[in-house]
Every structure is written in C-alpha cells, then in structure tokens.
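A.B. asks: The structure that follows is given in the form of structure tokens.
Nothing in this text is a laboratory measurement; each read-out follows from the coordinates by a stated rule. In this text the structure is predicted, and so the values were computed from the model without any measurement. Glycine gets a Cβ as well: all are built from the backbone with ideal geometry, and neighbour counts include every protein chain shown.
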Amino acid sequence: MGRRRGEWPADPEPLPGPVIDNHTHLESIPDVLDDGVPDPGVLAQLERAAAVGVDAVVQIGCDLDAAEVSVRWAHEHTQIVAGVAIHPNEAVLHAGVREIAPDGLEPDPLPRHVISLDDAIGRVAELARDPRVRTVGETGLDFFRAGERGRAAQRESFRAHIALAKELGLPMQIHDRDAHADVLEVLEADGAPEVTVFHCFSGDAEMAAVCAARGYYLSFAGPVTFGSADVVRDAAAVVPGSQLLVETDAPYLTPAPHRGAPNAPYLLPLTVRRLAEVRGDDLRALCETLHANASRLYGPW
Ligand SMILES: [Zn+2]
C-alpha cells in the first residue's frame, strides 16, 4: 500500500481496562526478528501494547521454528504464554505434498519440511508439555490453497492435534479458512477438547450460534473493523460474553483505519472498541469480560 516498512500507525486511545491478545505471532512482526536480536523488539512491542491496555498475549508458534522461539519467549517474558502447533498449511509441506496452488504458485519448502509430518507433530507434543505452553494451536483446516492430497494431510494433522490437546488437558486454537463444515464435522467426530477456541472467527451468525451451543469460544480479530465484514459483525453480536475472546493475529489483519500497515498487539484496542459497538456492550464491562475469559482459559500468566 505504499507504506514504508517499519512505519507504524500511531497508538490508539488506551482502553479503560486491560485486555489480553488471544492470538499473535510476534516473531513475524517486522523489526522484531529482522535485526537478529529478537528480544529488544519483543520487549518494545509488549511495552507499547501495555501502554494502551493490552497487558498480555498468547504467542502462537505454528511452525517448528516459531514454536521453539515462542516457548523461549514465554519463559523470558511474564506477559507471554505460548501456543504451539503445526499450521494446516505447514502440515501440507511436512507431508511432502507438492500440489499446484490455485494461485499458480508451487509451495516452496523450507529446510524444516524435510521433517515428516509425524515427526513434526512429535516435536510439538514435546514442546506442548512445557508449563509455559497453554494452548495447542493453531491447527485446523485451510482449504483456500489446498488440493485433495493437501486436505487429507491437514485432516490427519488436525486430528493428531485434537488428540494432543485432550491428552494434555490444554485448550485448542483452531484455524478455519474456507472449511467451516469440515472443521465442525471433525470436531464432532473426534470429540472436541474441553476448551476449543476458533481463532479469527470467520463464519456467519448461524455458525456462531452452532459453535456457542457446543460450548466453543470465538475469538474476533481485525475483520470486525473492515467495511465489508457485516457477516463477521453479525456473528460477533450473537456470541455469549462468557465465550468471547479478542485477538490481533498480528502481523496480519491490521484493523481499520490502518489496513496496509503491519499489525501488532498495541492495535488491539481498535478491534475491541468496534466489538463493543457491534454488540452494544459497555466498553469497560467488555474489557473486564474479555480479560476474565482469557485469564480463565490460559492463565495464570
Ligand atoms: Zn495465526
């Protein structure tokens, strides 16, 4: 969008009470790892977030490299707890599937992908036993780019992560892109973990009602603020407060009016404010609810 890398939006108005970012990828934020000295970058992001009311984050490492970094950071920073998993798109690469994607690009495998899917999930299972890991995720199905063989690999990986979350008694965070019916079907067939969270919920109000009735949690991200996203706003309006979470999914899905700039946890207040409007909630009360929900699921930090 013509914006210079590293040019960050101004801080939003601070929230009236603290909230927790349910899902972020600090290692992918520009400037955090670019200089090869990750920790000052992470600290700067955490401090900037805290100044506007985002006092803690769930750092999601969903490839093998990011998972290792996430666990380390969760030990080094009291504001961070970690989630680990093999992302559905990573599962395709670990499984050695070389399908041509609908956008015409053949996946470009990284060195870590010489590790088989079984071995990759085995490493996640080891990391998930760390006491600073509080969720298995993100896992699920992403049918946007996957062909038939890729989808089969994703399904196998998803089911292994469901089993892992249940074995360890951890919450699970789900990535669902263009795969709503299949995700719900796998959860029903295998039995969902006691705490199941849809990260960046993208379904409609009808699906939100189904998820809520099944006891799942729904986490809303930047799209709540997008002009075209009435479907997501309608979904957000029907979720019981006790099953509601909020997240950045940084560096992706930057909330309006800053689309085109990188996202980071300090921009979460823009999404929280819009969520309060959409739901007709008092902003301070919504912050209290969101903080209580995340603390109950993943805490103590
Ligand atoms: Zn994510």
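A.B. asks: Nearest 20 debye, what's the magnitude of the dipole of the chain about its Cα centre given +1 on Lys and Arg Cβ and -1 on Asp and Glu Cβ?
C.D. replies: That gives the chain a dipole magnitude of about 320 debye.
A.B. asks: Can you work out the FRET efficiency for the pair ASP204 and ASP282, with r the C-beta to C-beta distance and R0 = 22 Å, to the nearest 0.05?
C.D. replies: Efficiency, from the Cβ-Cβ distance: 0.30.
A.B. asks: Loop only per DSSP, at most 16 neighbouring Cβ atoms within 10 Å: give me the GluC sites (Glu not before Pro) in the range 133-200, ordered by residue number.
C.D. replies: Those that pass, being in a loop and sparsely packed, are GLU194.
A.B. asks: Also, quick follow-up: How high is the relative contact order of the range 162-284, given as a whole-number percent (alpha carbon pairs under 8 Å, six or more residues apart)? Provide the component values of the computation, followed by the final result.
C.D. replies: Numbers: 196 pairs, mean separation 24.0, N = 123.
Dividing the mean separation by the residue count of the range 162-284 yields 20 percent.
A.B. asks: While we're looking at this one, here's another question. Placing +1 on the Cβ of each Lys and Arg and -1 on the Cβ of each Asp and Glu in the chain, which of PRO111, ALA285, ILE80 has its Cα farthest towards the positive end of the resulting dipole?
C.D. replies: The residue sitting farthest along the positive end of the dipole is ALA285.
A.B. asks: Return the long-range amide H neighbours of LEU245 (sequence gap of 5 or more, or a different chain), with a cut-off of under 5 Å between placed amide H atoms.
C.D. replies: When sequence neighbours closer than 5 places are left aside, the close amide H contacts are LEU218, SER219, PHE220.
A.B. asks: For the range 117-270, what mean projected area does the convex hull of the alpha carbons give, in nm²? Don't skip to the answer; put the middle values down first.
C.D. replies: Numbers: hull surface 38.7 nm².
If I average the Cα hull's projected area over directions, I get 9.7 nm².
A.B. asks: Along the Cα→Cβ direction, 7 angstrom out, place labels at ASP31 and ASP65. What is the inter-label distance in nm?
C.D. replies: 2.2
A.B. asks: For a quick check: sort SER116, SER28 by the number of other beta carbons within 10 angstrom, fewest at the front.
C.D. replies: Numbers: SER116 12, SER28 15.
So the ranking, lowest neighbour count to highest, is SER116, SER28.
A.B. asks: Want the number for HIS75 to GLU99: 0.36 nm per residue separation, take away the alpha-carbon distance, what's left?
C.D. replies: 4.8 nm
A.B. asks: Could you give the length gained on full extension between GLU13 and ALA213, defined as 0.36 nm per residue of separation minus the Cα-Cα distance, in nm?
C.D. replies: Values: separation 200, 0.36 × 200 = 72.00 nm, distance 3.45 nm.
Going from the current span to full extension adds 68.5 nm.
A.B. asks: In the chain, which whole DSSP H runs stretch at least 18 Å along their own axis (Cα) and average -1.0 or higher on the Kyte-Doolittle scale?
C.D. replies: Within the chain the helices that satisfy the rule are 38-51, 64-76, 148-168, 283-298.
A.B. asks: Quick one: if you take sqrt(5λ) for each eigenvalue of the C-alpha gyration tensor of the chain, what semi-axes come out, biggest first, whole angstrom?
C.D. replies: Ellipsoid half-lengths, sorted descending, are 27, 23, 20 Å.
A.B. asks: Per DSSP helix of 4 or more residues, -39500 (n - 2.57); summed, then divided by the residues of the chain. What does that give at 222 nm, rounded to the nearest 500?
C.D. replies: After summing the helix terms and dividing by the residues of the chain, the value is -13000 deg cm²/dmol.
A.B. asks: Can you list residues whose amide H is under 5 Å from GLY137's amide H, if they're 5+ apart or on another chain and H is modeled 1.01 Å from N?
C.D. replies: The answer is VAL84, ALA85, GLN173.
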